[in-house]
1. Which of Glu217, Glu182 has the fewest other C-beta atoms within 10 Å, and how do the rest follow up to the most?
2. What are the residues whose amide H is under 5 Å from the amide H of Arg129, where those residues sit 5 or more places off or on another chain and H is modelled from the backbone?
3. Projected onto the charge dipole of the stretch 42-291 (+1 at Lys/Arg Cβ, -1 at Asp/Glu Cβ, origin at the Cα centre), which of His194, Leu181, Met243 gives the Cα projection farthest towards the positive end?
4. Where does the charge balance sit around Val94 when Lys and Arg score +1, Asp and Glu -1, over other residues with C-beta under 14 Å from its C-beta?
5. Normalized C-alpha radius of gyration of the stretch 42-291, against 2.2 N^0.38 Å?
6. Kindly provide log₁₀ I(q)/I(0) values, in the same order as q = 0.13, 0.14, 0.16 Å⁻¹, from the Debye equation applied to equal alpha-carbon scatterers of the stretch 139-270.
7. Search the structure for amide H atoms under 5 Å from the amide H of Ala64, placed 1.01 Å from N in the peptide plane, and list their residues when 5 or more places away or on another chain.
8. List the residues whose amide H sits under 5 Å from the amide H of Gly275, counting only those 5 or more places along or on another chain, with H placed 1.01 Å from N in the peptide plane.
Amino acid sequence: MENIKSSASNLAVDAAPNGDVISGAGSHLTSGLGHLVRANEIDVSHGPILYLEDVNVSFDGFKALKSLSLSIDVGELRCVIGPNGAGKTTMMDVITGKTRAQSGKVFLGQTMDLRRMDEPTIARAGIGRKFQKPTVFEQHPVWENLELAMKSDKRWFAALRAKLDAAAQARIEEVLSTIRLEDSAYRLAGELSHGQKQRLEIGMLLMQQPQLLLLDEPAAGITDDETMELARLLNSLRGRCSMMVVEHDMDFVAALSGEKGKVTVMAEGSVLAEGTLDQVKRDERVIESYLGR
């Protein structure tokens, strides 16, 4: 099978996760089915934006991930639950390039093999990640946090000449409205509540225009009212990007998944069950390993 290297992205591609051979050169790649794919674009022509198959990760003999397989469709908001030590954070580390899987497939769309990409390249490809503890510039106003996070040329000589144009200002105002922090635009980020900081960091990720957001326990440590405000924000993002939310707060999971949303339950490094929240809550294996009786 011929390896093709895109001149735009310098990413080698052997095959799509479904086995279609990818071929092409220059600014375009074409699948074996004749589908045209531009370099640096995520090919979601077959549905999933994220695809993991038989992923294995070991640390000094401890198997953190064991033949983990799952996929997330374009525009989907997937909640992932499970006990501590189930491998949820390790899975996110693998997706973002922080940890290398020893084996298995990890694809963004049909053509981007995440196992061959480093962390900055994966971020530029369209994956944004939020850790449990919010990371904001506390000595800067909310507006400047969003401005600093904007997708732009970060080289020093470009930054010296950079000025906010009307489109950039409109983008910041749009995100401020989305995260409901318009009234706090000129407050120092360090003065915000924990829940507000969580929303601000999500706003900073939105400034990067990600196609897939990974959120690790975003509701941890915030009040019930802030939890529901955060759920409202994430639900409002449906259709704008795909999301994977790792969480323990079952009320928060219920607010995100609704009656029909798919929930993935992980245990001991692999998928234990998948289905609606009601289905997995009635699964005897889930009750035994995680929810309890």
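1. Numbers: Glu217 18, Glu182 11.
In order of increasing Cβ crowding within 10 Å: Glu182, Glu217.
2. Leu214
3. Met243
4. On the way: positive: Lys63, Lys66, Lys88, Lys98, Arg100, Lys105, Arg115, Arg116, Arg129; negative: Glu53, Asp54, Asp93, Asp113, Asp118, Glu119, Asp216.
Charge balance in the 14 Å sphere: +2.
5. 1.03
6. Log10 of I(q)/I(0), two decimals: -0.60, -0.69, -0.86.
7. Val57, Ser58, Phe59
8. Amide H neighbours of Gly275: Val263.
Bear in mind that the values in this text are calculations on the coordinates, not laboratory data. Computed from a prediction, not measured in an experiment: that's the story for all the values here. So basically every Cβ, Gly included, is an ideal-geometry build from the backbone, and we count neighbours across all protein chains shown.
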